[in-house]
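Structure record follows, encoded as structure tokens.
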Amino acid sequence: MMKKALVASSIAALLAAPWAQAEVSINGFASVKAGMTTGSDETLFGYTDDIDFENESLFAVQLSSDLGDKLSVTAQLLAKGANDFDADFAWAFLSYQFTDNLRVNAGRLRIPFYKYSDYLDVGFAYDWIRTPRAVYDVEFDTMDGVSLYHSQMIGDWTSSIQLVAGAFDGEIKVNGVDSKSEAQDILGGSWELSNDWLNARIAYFQADLTIDAIALNPLLAALKQFGFAPVASNLAFDSDSGTFFGLGFGIDRNDWVVNAEYTEIRVDNTFMADRDAYYFSVGHRFGAVTPFVSYEKDDDAPQRQIYANLPNQLPLKPVVVGVVEQQYSDMDTWNVGVRYDFHPSAALKAQYSMADEAVTNQKSNLLTVGVDLVF
């Protein structure tokens, strides 16, 4: 909290300084959503059978200023209901426009993993009530570093290339527990081609991941004590190489809206499952109303080779098996919904999601309604 207060007071002081002549532009967005599952033993996307107005609600304010001579600054404060509406700086960066086609950003930036990465929290930017969770599931989506953005026309196509380099330092969830984490040497980029009605993109990123999963430390120590240090090493996240690969496309023509993305996530020498996921979505606009249907697939294969050679009589083996198998997932989710643009800056949405987790044989149904707006 002290760090956030210092950053906020520093920005306020800069904007209030008598020598600061740059004009500050303020805009924002918000989502007010409510949802509940249909069964008492069902949970999905953070919802239970008790109606919840906070889980996916959020408010954000973005401040930007053109400082002249091709230099600008942008900061975004984001408050999520899931975090008790505590405000954090989601973005804060400087931009320098070298040419009409080339720009560099430096500071806290969004990593362009996905098609909607830049608009991840801006629900008004897409028809669904939430981005497909099967695909949009990387535990962190920002970094401190630099990005290079280049755009140009290639015939009738717009080519957009974004290259990034940086690091992440914060907390992510490991098997449901918040754990101190670092992603060093984040390198990669995305390339998107688009014309009037079609867009396609490819993305690739790599990083070295270190996660202090405190709950695992006693198990790791015990494995080393019993002489199974290599198994402990294969469980732990200690500067292990991770990669992200993504493909996607979108069609917006004759009131038909089609989107699809596919992703692969790999982290070597850890208990993290090999994650493969994709979604496909189709919608049609009828004036201000857009009904849609989508399908999501999450297929996470556990790293069973980690415990394959452990002797059955080893008391620790069931614990190791549990840690590895907890990563196993095979979920199919169907979504049907509708978007109603009742205002130029606001959309009313309703979505019904039906998820089937084959590993646990858990079926969950979720109804969510809400309003997304920009201002």
Quiz item: Restricting the stretch 210-231 to residues that are more than 17 Å from R304 (Cβ to Cβ) and of a type in the set (V, I, T), which is modelled with the lowest pLDDT?
Solution: I214
Exercise. Go through the stretch 70-119 and give me each residue that's assigned to a loop (DSSP other than H, G, I, E, B), of a type in the set (A, V, I, L, M, F, W, C) and touching an Asp or Glu at 6+ places or on another chain (Cβ under 9 Å).
Key: F85, I111, F113
Quiz item: Which of (1) without any contact (Cβ under 8 Å) to a residue 12 or more places away in the chain; (2) part of a helix (DSSP H, G or I) does N312 not meet, given it meets every other one?
Solution: (2)
Quiz prompt | Subset of the stretch 134-175 that is under 20 Å from the mean Cα position of the chain (by Cα) and small (G, A, S) - its residue that is nearest to K115 (Cα to Cα) | solution = A134
Quiz item: Where residues in the stretch 316-360 are under 25 Å from L223 (Cβ atoms) and small (G, A, S), which of them is surrounded by the fewest Cβ atoms within 10 Å (Cβ to Cβ)?
Solution: G322
Quiz item: Residue check: is R285 closer than 17 Å to P230 by Cα and either at pLDDT 95 or above or of a type in the set (A, V, I, L, M) (or both)?
Solution: no
Exercise. Would you point out the residue of the stretch 256-298, among those that are of a type in the set (D, E, K, R) and surrounded by fewer than 16 Cβ atoms within 10 Å (Cβ to Cβ), that is nearest to Y136 (Cα to Cα)?
Key: E264
Quiz item: In the stretch 101-120, which residues are modelled with pLDDT under 95 and farther than 21 Å from T243 by Cα?
Solution: Y119
Self-check item: Single unsatisfied condition, K70 versus (1) touching a Leu at 6+ places or on another chain (Cβ under 8 Å); (2) surrounded by fewer than 19 Cβ atoms within 10 Å (Cβ to Cβ); (3) of a type in the set (K, R)
Solution: (1)
Quiz prompt | the stretch 38-53, residues that are in contact (Cβ under 8 Å) with a residue 12 or more places away in the chain and in a loop (DSSP other than H, G, I, E, B) | solution = T38, G39, E42, T43, F45, G46, T48, D49, D50, I51, F53
Practice problem: Looking at (1) touching a helix residue (DSSP H, G or I) at 6+ places or on another chain (Cβ under 8 Å); (2) exposed (fewer than 14 other Cβ atoms within 10 Å of the Cβ), find the lone condition where Y116 falls short. | Solution: (2)
Practice problem: Please identify the pairs in which a residue from the stretch 98-118 that is of a type in the set (S, T, N, Q) has its Cβ atom under 8 Å from the Cβ atom of a residue that is assigned to a loop (DSSP other than H, G, I, E, B), counting only partners at least 6 apart or on another chain. | Solution: S117/I111; S117/D141
Practice problem: Only residues that are assigned to a helix (DSSP H, G or I) and touching a Leu at 6+ places or on another chain (Cβ under 6 Å): list them for the stretch 225-253, please. | Solution: V231, A232
Quiz item: Do the conditions hold for D276, that is, is it in a strand (DSSP E or B), closer than 30 Å to G227 by Cα, modelled with pLDDT of 95 or more and touching a Lys or Arg at 6+ places or on another chain (Cβ under 9 Å)?
Solution: no
Quiz item: of a type in the set (D, E, K, R), modelled with pLDDT of 95 or more, under 25 Å from E357 (Cβ atoms) and within 21 Å of the chain's Cα centre (by Cα): does that describe D240?
Solution: no
Practice problem: Considering every residue within the stretch 292-304, establish whether at least one is hydrophobic (A, V, I, L, M, F, W, C), within 12 Å of W128 (Cα to Cα) and at pLDDT 95 or above. | Solution: yes
Practice problem: Please go through the stretch 198-214 and pick out each residue that is within 30 Å of N254 (Cβ to Cβ) and surrounded by fewer than 15 Cβ atoms within 10 Å (Cβ to Cβ). | Solution: L198, I202
Quiz prompt | Criterion: of a type in the set (A, V, I, L, M, F, W, C) and either under 18 Å from the mean Cα position of the chain (by Cα) or exposed (fewer than 14 other Cβ atoms within 10 Å of the Cβ) (or both) - qualifying residue of A125, A106 | solution = A125
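The values are calculated or read from the model by the stated rules, or taken from the named source; none is laboratory data. Here the structure is a predicted model, which means the values were calculated and not measured. Every residue, glycine as well, gets a Cβ built from its backbone with ideal geometry; the counts of neighbours run over all protein chains shown.
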